[in-house]
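A quick write-up on the structure given underneath.
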Amino acid sequence: MEFAVHALETTDSTQSEVQGLAAAGAPEGTVVTARHQRAGRGRRGHDWWDAPGQSLLASVLLRPPGPVAIAPQLSLVGGLAVADALAAVASVSARIRWPNDLLVDGRKVCGILAEASSDGVGDGAGRLHHVILGIGVNLAQTTFPADLADRATSLRLITGRAPEADAVLAAVLEQLARHYGAWRVGGFATLRAAWLERSTLPGQTVRLPDGSDGVGVDVGDDGVLLARARDGRLVHIVSGGTVEEGSAHAARH
C-alpha cells in the first residue's frame, strides 16, 4: 500500500480535509497531517484538544471493498497499528482500551476513530464508499488542560523525549499497511489474537447500548465486543465508528 502525505501547518480538521479529497476521488492511502487543528473532532461529537506542534494529527483514507458493517473494525485495526508503531519508534508499550484509545499507565496517549461513508446504513449491508481513519498521538505535551490532566499523557512524559512527528507517522503508516493488508485478506480474525494481547480486556468497564456500564469479556472474529451487563446478560457491542449515508464525517481525550 502506498501513501501520499499532504502536510498542513493548520487546519480546522484533518478529517474534514480528507473528506473533501475523498469526495473528489482521491485514492486509498491519501493522508493529511497538521501541526494544529482549530476544530478537531472526536467520537460522539466531542472536541479533540491539541497544543500546536506537540501532537501527531493525521487522517488516512481507506477504500476497502465490502458492506458498511465492516467499517467499525478499522478503528481496531488502527489501534493495533499505532500500538505496534509506538513500540517500534519509542519503546512504549501501549494498551488498547476498546474501542479507540491507547493508554500507558492508565492515561491516554492516542485516540483513533474510523469514520465511514456508504450508500446505506439500515442493516449494515450497504456498500462502503470509504473509511477515514483519524489518529491523534500526544508527542511533546508536558501539561494538559485541567479536565484532561489526570487522564492524558504524552510520549515525552512517558519516556523523557518526544520523537519527531514524521518518524512516528512513518512507523504508524508502516504498521497500518501491514495490519490493513492482513485484514483485507482474512478479516479481523487474522488480527484478533494480536489485538487482544495489546488490549485492556477482559475486565474493562464499557458503556452498554442502554447507557449503563458493563464489563468487557472478549472480542469476536468480527470485531464485536462481548460484554456482561450487571444483570448477567451477555451483550454484543459494535465498536464506535461513525457511519453516514452518502457522506463521511471523525476523539476528545
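Note the full-extension length gain between Ala177 and Asp105 as 0.36 nm times their separation in residues minus their Cα-Cα distance, in nm to one decimal.
Gain on stretching Ala177 to Asp105: 23.2 nm.
Protein heavy-atom accessible surface, 1.4 Å probe, per residue over the chain: 43 Å².
Expressed as a whole percent, the accessible surface of the chain that belongs to carbon and sulfur atoms is 49, based on a 1.4 Å probe.
Mind running the shape call on region 69-211? Use the C-alpha gyration tensor, a ≥ b ≥ c as the square roots of the eigenvalues: rounded below 1.5 for a/c, prolate if a/b tops b/c, oblate otherwise. Kindly include the intermediate steps, with their values, before the conclusion.
Numbers: a/c = 1.81, a/b = 1.47, b/c = 1.23.
Prolate, because a/c is 1.5 or more and a/b exceeds b/c.
The slack in the chain from Thr142 to Ala229, taken as 0.36 nm per residue of separation less the alpha-carbon distance, amounts to 27.5 nm. Between Glu197 and His236, the FRET efficiency estimated from the beta carbon spacing at R0 = 22 angstrom works out to 0.50.
By the equivalent-ellipsoid construction on the alpha carbon gyration tensor, region 176-218 comes out with semi-axes of 26, 12, 8 Å, ordered largest to smallest. So the label point goes 7 Å from the Cα of Asp166 along Cα→C-beta, right? Which residues of region 5-20 then have their backbone N under 16 Å from it? Hits in region 5-20 for Asp166 at 16 Å: 5-9. For region 1-104, the fraction of C-alpha pairs farther apart than 18 angstrom is 57 percent. Reported value for the chain: 116 Å³ per residue, from the convex hull of its C-alpha atoms. Relative to the compact-globule estimate of 2.2 N^0.38 Å, the Cα radius of gyration of region 48-150 comes out at 1.19.
The values are calculated or read from the model by the stated rules, or taken from the named source; none is laboratory data. Owing to the predicted nature of the structure, the values given are computational and were not obtained by experimental measurement. Every residue, glycine among them, receives a Cβ derived from its backbone with ideal geometry; neighbour counts consider all protein chains shown. Quick note on the areas: whole protein, heavy atoms, side chains included, nothing else; ligands and nucleic acids left out. Shrake-Rupley method; radii C 1.70, N 1.55, O 1.52, S 1.80 Å.
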